[in-house]
1. Which FRET efficiency value, to the nearest 0.05, do you get for residue 21 and residue 222 by plugging their Cβ-Cβ distance into 1/(1 + (r/R0)^6) with R0 = 30 Å?
2. What are the ³J(HN,Hα) couplings of segment 47-57, residue after residue, when phi is run through the Karplus curve with 6.51, -1.76, 1.60 and θ = phi - 60°? Round to Hz, x for glycine and proline.
3. At 0.692 mPa s and 37 °C, plugging the Kirkwood radius over alpha-carbon pairs of segment 207-274 into Stokes-Einstein gives what diffusion coefficient in µm²/s?
4. Can you give me the C-alpha center-to-center distance between segment 152-208 and segment 45-90, rounded to a whole angstrom?
5. For segment 172-316, compute Rh as the Kirkwood radius over C-alpha pairs and then the Stokes-Einstein diffusion coefficient at 25 °C and 0.890 mPa s; write the answer in µm²/s, rounded to an integer.
6. Given a cut-off of 31 Å, name the pairs among 103/216; 23/206; 216/300; 47/206; 206/300; 132/300 whose C-alpha atoms lie farther apart than that in the structure shown.
7. Dividing the Cα convex hull volume of the chain by residue count, how many Å³ per residue is that?
8. Applying a 10 Å radius around every beta-carbon, put 7-16, 208-217 in order of their mean neighbour count, most first.
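Laboratory data are not the source of any read-out in this text; all were calculated from the coordinates shown. Quick caveat: nothing in here was measured; it's all calculated off a predicted structure. Counting neighbours? That spans all protein chains shown, and the Cβs are built from the backbone with ideal geometry, glycine included.
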Amino acid sequence: MTQPSVILATASYDHTIRFWEAKSGRCYRTIQYPDSQVNRLEITPDKRFLAAAGNPHIRLFDVNSNSPHPVISYDSHTSNVMAVGFQCDGNWMYSGSEDGTVKIWDLRTATCQREYESRAAVNTVVLHPNQKELISGDQNGNIRVWDLAANSCSCELVPEVDTAVRSLTVMWDGSMVVAANNRGTCYVWRLLKGTQTMTYFEPLHKLQAHDGYILKCLLSPEFCDPNRYLATASSDHTVKIWNVDGFTLERVLTGHQRWVWDCVFSVDGAYLITASSDTTARLWAMSNGETIRMYQGHHKATVCCALHDGAESPPA
């Protein structure tokens, strides 16, 4: 198989992962995933592999093959894996699980190199752009920064007691972090560098974004600058686009018929892909908030999506 320049994948409660031609909407590959639901998808920086976070394992699939079988499996979590991502050179992978742990994995050997205890079900983990800190959010409302150099928790925040943190996102330049919770609220902090490498959180804004749950929040990528946006996907069936300068509402993306679980920006921030319980994924134009394409083929809720339309970063 020749590698497509744009890799778009979705996963659903129908126990399949689907690859799509972004422009035409055609599904060109379906992987059966009988073992569990898939909670999260992520594409490696070199565009070669797709990680699927399930229960309780993470499986890595070859993007450029037709094989239905995973290349490798990562197996030491004991419950649903809710978060997965990669270090920028693709040397290692991180994950967060409802078993209360955050783990770092050697991608090639599938061994767990480090484990951090969050003491509550982990819903979301992001890697700081400095590649030296992981930030996790859990079901009890805790946000923790894990300093990879010191190998310990360097910071702990509880924006709202007993309100689950569902999603975290960090600005590409490390200047801001946003946490979204089950009450439709986004907490925004400015990130300040301390005397060491430790990051300090300075409260910046509290945004009541939705009446329902926020299932995913996402800040726009580097090539979207000077425009900076925050996307919030919600159980109220909408995605809202906020201008980070003042957190004014730019537009509301309406069209999904049920909960919107996930969203991902194109590399230039001009487009957004969303995944919904209405079984579809959609491609939206950020310029006017219109649906350009619908991806139809799943038979149950589509709960996660992954997109890589940028240049592949070479493997280390």
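1. Details: r = 26 Å, r/R0 = 0.86.
Efficiency computed from Cβ-Cβ geometry: 0.70.
2. The phi angles translate into 6, 8, 9, 10, 8, 10, 8, x, 10, x, 10 Hz.
3. Values: Rh = 11.9 Å.
Result for D is 276 µm²/s.
4. 27
5. Working: Rh = 15.9 Å.
For the chosen part, D equals 154 µm²/s.
6. Numbers: 103/216 21 Å; 23/206 37 Å; 216/300 19 Å; 47/206 36 Å; 206/300 34 Å; 132/300 38 Å.
From 103/216; 23/206; 216/300; 47/206; 206/300; 132/300, over 31 Å: 23/206; 47/206; 206/300; 132/300.
7. Details: hull volume 37.6 nm³, N = 316.
Normalising the Cα hull of the chain by residue number yields 119 Å³.
8. On the way: 7-16: 22.3, 208-217: 20.4.
Answer by packing, highest mean first, reads 7-16, 208-217.
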